[in-house]
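The structure under discussion appears below in the form of structure tokens.
The values are calculated or read from the model by the stated rules, or taken from the named source; none is laboratory data. In this text the structure is predicted, and so the values were computed from the model without any measurement. We place every Cβ from the backbone using ideal geometry, glycine too, and count neighbours over all the protein chains shown. We work out accessible area using only protein heavy atoms, side chains counted, and drop any ligands, DNA or RNA first. Shrake-Rupley method; radii C 1.70, N 1.55, O 1.52, S 1.80 Å.
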Amino acid sequence: MPVRNCASAQCVKLVTLGTSPTLGPYFLPYVMRHLHTSFPSLKLIVRDAAPLVLQEELLRGQHDLILTQLSVRSADLEVERLFREPLKLTVAKDHALSSKSEAQDVDLAGQGVLALTSTYVLHNQIVALCEELGANPRQDYEGTSLDALRQMTALNMGVCFLPALYVRSEVSPDTGDVSVLSFRKDRFTRSVGLVWRKRSAHKRTIEIIGTIFRSVARDKFADLLTPE
């Protein structure tokens, strides 16, 4: 593994990683385990924030790199695309769509759709989908977490889209409080990547970390995530 080569002076021993709370808790534990085994000399400090906040903090030098939903637009930043993650349509157990395993575009017409706040890239993605399909983004409620979205959906306050990693971790197919459907045959996805400053002095270490992220996506979630 190339990770072993990071004993060289080109690699730093401490890296700060900013991550979105919609990603980190469901993906990073596997990365941390991999790092500890393959590269025990590297200490990774992880901090959570919403994607737009993460980008601002990265530009200010508060993080060495961030794991976030894309896209990120800045001439001062570099991006490595890692994978695409399906977004699952989620409805209340007593919703008219709950008996289906897969939803079509027409099923969203007229539906009230819950979303995260506008500090999340996912917010704009969901609003754009609503405009395309004639659904109604719920402007009277914007969630601050995926758990909050799921709980509001369980109360039949609207439907929502939840990332597949979250669904696998937090929603039981049999005893969960919501029903989860595929949408567009799981081709409605979000793009996830690593982002860092172009002038970063840690490029060799970031390259190693990126390799580990890709390895985890391939080895642990090959049935769920699509490499980019």
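Which numbered condition in (1) in contact (Cβ under 8 Å) with a residue 24 or more places away in the chain; (2) more than 14 Å from VAL195 (Cβ to Cβ); (3) aliphatic (A, V, I, L, M) is the only one that ILE66 fails?
ILE66 satisfies all of (1) in contact (Cβ under 8 Å) with a residue 24 or more places away in the chain; (2) more than 14 Å from VAL195 (Cβ to Cβ); (3) aliphatic (A, V, I, L, M) except (2).
Has the range 97-105 got at least one residue that is of a type outside the set (S, T, N, Q) and within 15 Å of the chain's Cα centre (by Cα)? Write out each step before concluding.
Looking only at the range 97-105, we keep the residues that are of a type outside the set (S, T, N, Q), and these are 97, 100, 102-103, 105.
Now restrict to residues that are within 15 Å of the chain's Cα centre (by Cα): none.
No - not one qualifying residue is present in the range 97-105.
Identify the residue in the range 76-96 that is more than 14 Å from LEU165 (Cβ to Cβ) and not aliphatic (A, V, I, L, M) and, among all such residues, is farthest from the chain's Cα centre (by Cα).
Of the range 76-96, the ones more than 14 Å from LEU165 (Cβ to Cβ) are 76-81, 89, 91-96.
After this cut, where a residue has to be not aliphatic (A, V, I, L, M) as well, the list is 76, 78, 80-81, 93-95.
On the way: ASP76: 22, GLU78: 18, GLU80: 14, ARG81: 12, LYS93: 25, ASP94: 28, HIS95: 26 Å.
Checked the range 76-96; the qualifying residue farthest from the chain's Cα centre (by Cα) is ASP94.
Considering only the range 198-215, how many residues are of a type outside the set (A, V, I, L, M), open to solvent by 20 Å² or more (accessible area, probe 1.4 Å) and not in a helix (DSSP H, G or I)? Walk me through it before giving the result.
Within the range 198-215, the subset of a type outside the set (A, V, I, L, M) is 198-200, 202-205, 207, 210-211, 213-215.
After this cut, where a residue has to be open to solvent by 20 Å² or more (accessible area, probe 1.4 Å) as well, the list is 198-199, 202-204, 207, 211, 214.
The next check asks that each one be not in a helix (DSSP H, G or I); those that pass are 198-199, 202.
The total comes to 3.
Of these, ARG33, ARG47, which one is modelled with pLDDT of 85 or more and out of contact with any Leu (no Cβ under 9 Å at 6 or more places or on another chain)?
Working: ARG47 fails: out of contact with any Leu (no Cβ under 9 Å at 6 or more places or on another chain).
The conditions single out ARG33.
So which residues in the range 115-144 are under 20 Å from PHE188 (Cα atoms), of a type outside the set (Val, Ile, Thr) and under 17 Å from the mean Cα position of the chain (by Cα)?
Hits for the range 115-144 are ALA115, LEU116, SER118, TYR120, LEU122, HIS123, ASN124, GLN125.
Only residues that are out of contact with any strand residue (DSSP E or B) (no Cβ under 9 Å at 6 or more places or on another chain) and without any contact (Cβ under 8 Å) to a residue 12 or more places away in the chain: list them for the range 150-190, please.
Selection gives SER172, ASP174, THR175, GLY176.
Applying the selection to the range 73-95, what residues are outside any strand (DSSP E or B) and either of a type outside the set (D, E, K, R) or touching a Leu at 6+ places or on another chain (Cβ under 9 Å) (or both)? If you could, list the steps in order and put the result at the bottom.
So in the range 73-95, the residues outside any strand (DSSP E or B) come out as 73-76, 93-95.
Answer for the range 73-95, where residues must be outside any strand (DSSP E or B) and either of a type outside the set (D, E, K, R) or touching a Leu at 6+ places or on another chain (Cβ under 9 Å) (or both): SER74, ALA75, ASP76, HIS95.
Do you know which residues across the range 47-75 are open to solvent by 60 Å² or more (accessible area, probe 1.4 Å), in contact with a Ser or Thr (Cβ under 9 Å, 6 or more places away or on another chain) and closer than 18 Å to SER200 by Cβ? Break it down into steps so the answer makes sense when it comes.
First, pick out the residues of the range 47-75 that are open to solvent by 60 Å² or more (accessible area, probe 1.4 Å): 47-48, 52, 56, 59-60, 62, 73, 75.
In the following step, the residues that additionally are in contact with a Ser or Thr (Cβ under 9 Å, 6 or more places away or on another chain) were identified as 47-48, 52, 59, 62.
Across the range 47-75, the qualifying residues are ARG47, LEU59, GLN62.
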